[in-house]
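Below: one structure in C-alpha cells.
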Amino acid sequence: MGVDKIKQMVPSLKGKVSDEEWETRVNLAACYQLVAHYDMSDLIFTHISARIPGSHDQFLINPYGLFFDEITASSLVKVDIDGNVLDETDFFINPAGYTIHSAVHGARHDVECVLHTHTVSGMAVSAQKQGLLPISQHSLMFYNRLAYHGYEGIALNLDERERLVRDLGEDNIAMILRNHGLLTVGTTVAEAFRRIFYLEKACQAQIQALSGGSEIIIPPVEVCETALEQFKSLSSRNVLEWDGLLRILDNKGSNFRH
C-alpha cells in the first residue's frame with residue numbers, strides 16, 4: 001500500500017488529540033518503521049504498543065493488516081485494557097497482540113511501551129534450553145533482568161495473561177517467549193526499541209558463536225554483575241540515538257509522522 005493510499009484512508013489526527021498523545025503516536029509509528037528497517041518484522045504479525053500518556057488503561061497498537069513500514073501516527077488504534085476500540089477507525093487489531101500487551105500494560109504501570117518480535121535469531125534462542133547466555137556485552141544488558149515464559153500456543157487465550165505477568169515479574173526489562181520470540185518493555189518507546197535492538201544482537205551473536213564449534217567463554221559472575229551495574233547507571237530515558245534513528249526514517253521519505 002503506497003503512502004498516498006494510506007493518507008487517503010487515514011485522515012491525520014494531528015491537532016485532534018492532545019500534544020502528548022500525538023508525540024506518543026509519532027514515536028510509536030517510528031518504532032514500527034524502525035523494526036521493519038532493521039529487518040525485525042514478520043509480515044503483519046508481532047506488535048508494539050504504547051500507553052496513552054496519563055492513562056493506566058488505554059494504549060495504542062498497530063492496525064492489523066498493515067506492514068510495519070506502512071504504519072503512521074494517525075493509523076494506530078487506541079484500545080482499552082478490555083480490548084474496546086476507543087476511536088473511530090476502519091482497522092481492527094490482532095487478538096494475540098491484545099492478549100500480550102493488555103497483560104503487561106495492565107500489570108506494569110511503570111511500562112510505557114511493550115515490543116514483541118519473531119526474528120529468526122530470537123526464535124532460535126527461545127528454543128535453546130539454556131536461554132540467553134552471558135557471552136557478549138550486548139547480552140549483559142539483560143543479565144538477571146531477563147524473564148522466560150513457556151509456549152502455550154498462539155496467544156488467544158486470555159487466561160494466559162496471568163501467567164505472562166507472573167513470569168515477566170516486576171523488575172525485568174525483557175522476556176524470551178519460549179519457542180516463540182522476544183519481548184522488551186521500556187519507560188519510553190525509544191527505550192523499548194533500544195532494548196529489542198540489543199537483545200536481537202545478543203541472540204544473533206549467540207547463534208553464531210555456538211555454530212562455530214569452539215568452546216564458549218563466559219565471563220566470571222562478578223564481571224557480569226559489574227557490566228550490569230554499568231548498564232543500569234546509563235540514563236534510560238535519555239536515548240541519545242533516537243533522534244538519529246528518526247532522521248534515518250525522514251531521509252528515507254517515511255510517512256510515519258502522518
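The values are calculated or read from the model by the stated rules, or taken from the named source; none is laboratory data. As the structure is a computational prediction, the values presented were derived from the model and not from experiment. Methodologically, a virtual Cβ is constructed for each residue, glycine included, from the backbone with ideal geometry; neighbour enumeration extends over all protein chains shown. Quick note on the areas: whole protein, heavy atoms, side chains included, nothing else; ligands and nucleic acids left out. Shrake-Rupley method; radii C 1.70, N 1.55, O 1.52, S 1.80 Å.
Going through region 39-66 one residue at a time, which ones are open to solvent by 20 Å² or more (accessible area, probe 1.4 Å), touching a residue at least 60 places away in the same chain (Cβ under 8 Å) and touching a helix residue (DSSP H, G or I) at 6+ places or on another chain (Cβ under 7 Å)?
Of everything in region 39-66, just one residue is open to solvent by 20 Å² or more (accessible area, probe 1.4 Å), touching a residue at least 60 places away in the same chain (Cβ under 8 Å) and touching a helix residue (DSSP H, G or I) at 6+ places or on another chain (Cβ under 7 Å), namely S41.
Within region 1-18, take every residue that is in a helix (DSSP H, G or I), charged (D, E, K, R) and surrounded by 10 or more Cβ atoms within 10 Å (Cβ to Cβ) and give me the one that is modelled with the highest pLDDT.
The residue in question is K5.
Just give me the residues in region 129-141 being touching a strand residue (DSSP E or B) at 6+ places or on another chain (Cβ under 7 Å) and surrounded by 22 or more Cβ atoms within 10 Å (Cβ to Cβ), in sequence order.
So the first thing to find is which residues in region 129-141 are touching a strand residue (DSSP E or B) at 6+ places or on another chain (Cβ under 7 Å), and the list is 131-132.
Selection gives L132 alone.
One line per residue, one yes/no per condition, for (1) outside any strand (DSSP E or B); (2) under 17 Å from A30 (Cβ atoms); (3) charged (D, E, K, R):
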| position | (1), (2), (3) |
| --- | --- |
| L60 | no, yes, no |
| L66 | yes, yes, no |
| S75 | yes, yes, no |
| K78 | no, no, yes |
| D82 | yes, no, yes |
| E88 | yes, no, yes |
| I93 | yes, no, no |
| G97 | yes, no, no |
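Could you tell me whether F231 is among the hydrophobic types (A, V, I, L, M, F, W, C) and more than 26 Å from A124 (Cα to Cα)?
Working: among the hydrophobic types (A, V, I, L, M, F, W, C): yes; more than 26 Å from A124 (Cα to Cα): no.
Against the criterion (among the hydrophobic types (A, V, I, L, M, F, W, C) and more than 26 Å from A124 (Cα to Cα)), F231 does not qualify.
Of everything in region 96-128, what is within 19 Å of L164 (Cα to Cα), open to solvent by 30 Å² or more (accessible area, probe 1.4 Å) and modelled with pLDDT of 95 or more? Give them in sequence order.
Passing the criteria: E112, H118, M123, A127.
Taking the criterion of being open to solvent by 70 Å² or more (accessible area, probe 1.4 Å) and within 27 Å of I218 (Cα to Cα), would at least one residue in region 159-166 satisfy it?
no
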